[in-house]
Amino acid sequence: MAASWVSLMLDFLSSSFFEISPSQILTTVFCTVLLGVFLGRKRKKNLPPSPAGSWPVVGHLPLIGSRAPYQKLTEWRSRYGDVYSIRMGTSDVVVLNGYRAVREALVDNREVFADRPDNYIVDGMSGWGQGIATTKWSQSYRERRRFATAALKSLGMKAGSDTVEKNVLEEVHSLRDRISETKGRPIFLSEDLSIATANVIASMVFGRRFEYDDSYIRGLTDALLLAYIKIGDSQAINLFPLLRFVPIGEEVGWEALDCGRKVDDFIREEIQRHRETAPSSGEPRDFIDLCLLEIDKDKVDVTSGAGLTEEHMVFMVHDLFFAGIETIHSTLLWGFLYLATHQDIQEKVQAELDSVMGQDPSSDLTLAHRPQLPYTEATLMEVQRIRYVVPLSIPHATAADVTFRGYQLPAGTTVIANLWSIHMDPEYWPDPERFDPERFLDVEGEVINNPDSFLPFSAGRRVCLGGLLAKMELFLVFASLLRHFTFQLPEGAAVPSTLGCFGITMSPRPFQLCVRSR
């Protein structure tokens with residue numbers, strides 16, 4: 001029995017979920033068994049039902065896997081219902097499936113489900129509660145979020161503003177020039193798209209953009225994208241933080257933290273540059289200037305944690321880059337991949353763009369054109385649905401004891417909102433793996449706004465801070481590039497996989513396209 005258990009553990013730990021060497025596997029087995037003995041605890045009473053087959057120490061992780069855990073969690077929904085619980089290591093985690101259960105928790109009970117669980121690697125990368133996205137629910141968090149929301153709105157992240165639009169269109173022009181230079185040769189779009197999305201954030205936060213060959217911005221985006229991968233590879237340390245003291249931590253967890261520190265160093269340099277070049281008028285140029293003005297006039301209450309500090313600023317900017325680059329970058333990649341493999345839909349989008357914009361290539365497509373382009377917008381919404389890039393969202397936690405659907409959830413219970421189950425629910429989306437933009441159009445051909453079972457920016461108190469900016473940017477980049485280019489697979493190339501690579505986000509596997517001027 002013991003031998004078979006060790007064998008199973010070796011098979012599991014040597015999978016791609018951990019990516020560690022044989023000697024580290026043995027160390028990990030030894031440490032996790034000890035942790036299981038000393039930290040393992042009985043399940044709490046009256047939790048939601050749990051799938052059979054939970055393993056000692058690691059819980060349901062071997063059954064869920066690492067490549068597409070959202071699919072397994074969705075599969076269990078049919079057997080255990082919209083609300084069930086799983087064991088992640090020695091902790092009980094509640095999984096919410098389907099639109100009704102997620103809305104009931106995150107919207108109807110928004111205050112109770114607004115907390116975040118402990119996550120050693122992610123917490124370390126976000127300054128142990130200094131940022132916004134993964135920070136625990138508190139008065140200090142709420143004040144920072146309110147400040148960041150107001151600051152971004154003042155910089156143009158609001159309906160009817162042309163500030164963000166100008167920044168995005170400037171980036172679209174530069175990206176079009178880069179693509180045109182390829183003359184229709186097969187290219188990987190990923191790298192230039194990541195620079196373009198980084199520049200949109202940099203324009204708002206730093207007050208400047210960077211050239212595509214600038215080593216500084218490439219270093220920043222490379223560190224950001226690598227951090228997403230390394231966070232996904234460091235789940236062993238998140239489950240068992242004591243593993244950071246054994247060799248596995250140095251190779252896996254520390255790499256994620258190092259990527260985060262590179263981003264933070266870049267941000268600190270920008271803050272110093274802003275201090276040295278502050279305009280005599282005192283008028284803020286960007287998000288960092290707004291933060292510095294707030295810091296200079298604010299006093300931090302040490303007892304309550306109220307007030308803005310420079311460390312808060314560093315990690316708020318950190319969060320804006322992490323949230324604003326990879327999600328938009330991956331969504332656009334999925335969009336161009338799906339249109340390259342569905343030429344009929346691409347042609348419909350381009351026909352609509354031509355009917356509204358005409359044949360003058362010098363005129364810019366703007367947000368004012370969006371109401372006239374329902375099929376284009378519906379296509380982008382279908383991309384967000386069929387390959388939602390954050391399928392398990394960022395985990396929530398209960399801020400207080402709560403009774404939810406008859407189950408008792410203690411304060412601090414980790415809650416996963418399975419947004420994949422929402423966007424692939426056949427009750428709302430028949431034949432969900434079929435790419436069909438007309439799902440989002442009514443009988444008059446107009447866009448169905450805010451449809452049920454569609455939460456591209458999550459919901460509740462933790463709804464995406466930059467959701468409005470993301471909607472603007474996605475539409476302008478997606479529609480503008482399709483107006484000027486046709487996206488095709490290289491001749492003779494196999495159709496790329498749409499399974500994706502799952503880390504923190506779900507991005508396409510590397511693929512090439514021929515992008516030809518129209």
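So the values come out like this:
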item: Verdict on ARG370 being assigned to a loop (DSSP other than H, G, I, E, B), under 22 Å from GLN350 (Cβ atoms) and either without any contact (Cβ under 8 Å) to a residue 60 or more places away in the chain or among the charged types (D, E, K, R) (or both); result: no
item: Count of the stretch 310-333 residues which are under 12 Å from VAL205 (Cα atoms) and of a type in the set (A, V, I, L, M, F, W, C); result: 6
item: Qualifying position, being buried (at least 22 other Cβ atoms within 10 Å of the Cβ) and at pLDDT below 95, among SER154, SER138, SER161, SER126; result: SER126
item: Subset of the stretch 437-463 [part of a loop (DSSP other than H, G, I, E, B), crowded, with 19+ Cβ neighbours inside 10 Å and either among the charged types (D, E, K, R) or at pLDDT below 95 (or both)]; result: none
item: Enumeration of residues in the stretch 57-93 that are more than 25 Å from ASP233 (Cβ to Cβ) and among the aliphatic types (A, V, I, L, M); result: VAL83
item: Residues of the stretch 415-447 classified as in contact (Cβ under 8 Å) with a residue 12 or more places away in the chain and over 29 Å from ALA400 (Cβ atoms), total; result: 18
item: Answer from ILE201, ILE179 - the residue that is under 23 Å from the mean Cα position of the chain (by Cα), in contact (Cβ under 8 Å) with a residue 24 or more places away in the chain and either buried (at least 16 other Cβ atoms within 10 Å of the Cβ) or farther than 16 Å from CYS291 by Cβ (or both); result: ILE201
item: Long-range neighbours under 9 Å by Cβ, at least six apart or interchain, first residue within 11 Å of GLN372 (Cα to Cα) within the stretch 342-357, second exposed (fewer than 12 other Cβ atoms within 10 Å of the Cβ); result: MET357/SER363
item: Tally of residues being outside any helix (DSSP H, G or I) and either touching an Asp or Glu at 6+ places or on another chain (Cβ under 7 Å) or among the β-branched types (Val, Ile, Thr) (or both) across the stretch 334-362; result: 1
item: Candidates SER393, SER421, SER363 - the one that is surrounded by fewer than 18 Cβ atoms within 10 Å (Cβ to Cβ) and either in contact with a strand residue (DSSP E or B) (Cβ under 8 Å, 6 or more places away or on another chain) or not hydrophobic (A, V, I, L, M, F, W, C) (or both); result: SER363
item: ALA340 in contact with a strand residue (DSSP E or B) (Cβ under 6 Å, 6 or more places away or on another chain) and buried (at least 16 other Cβ atoms within 10 Å of the Cβ); result: yes
item: Residue that is surrounded by the fewest Cβ atoms within 10 Å (Cβ to Cβ) [pool: residues in the stretch 469-494 that are farther than 15 Å from LEU193 by Cβ and within 15 Å of the chain's Cα centre (by Cα)]; result: LYS471
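The values are calculated or read from the model by the stated rules, or taken from the named source; none is laboratory data. Every value quoted in this text rests on a predicted model; they were computed, and no experiment measured them. Note that each Cβ is placed from the backbone with ideal geometry, even for glycine, and that neighbours are counted across all protein chains shown.
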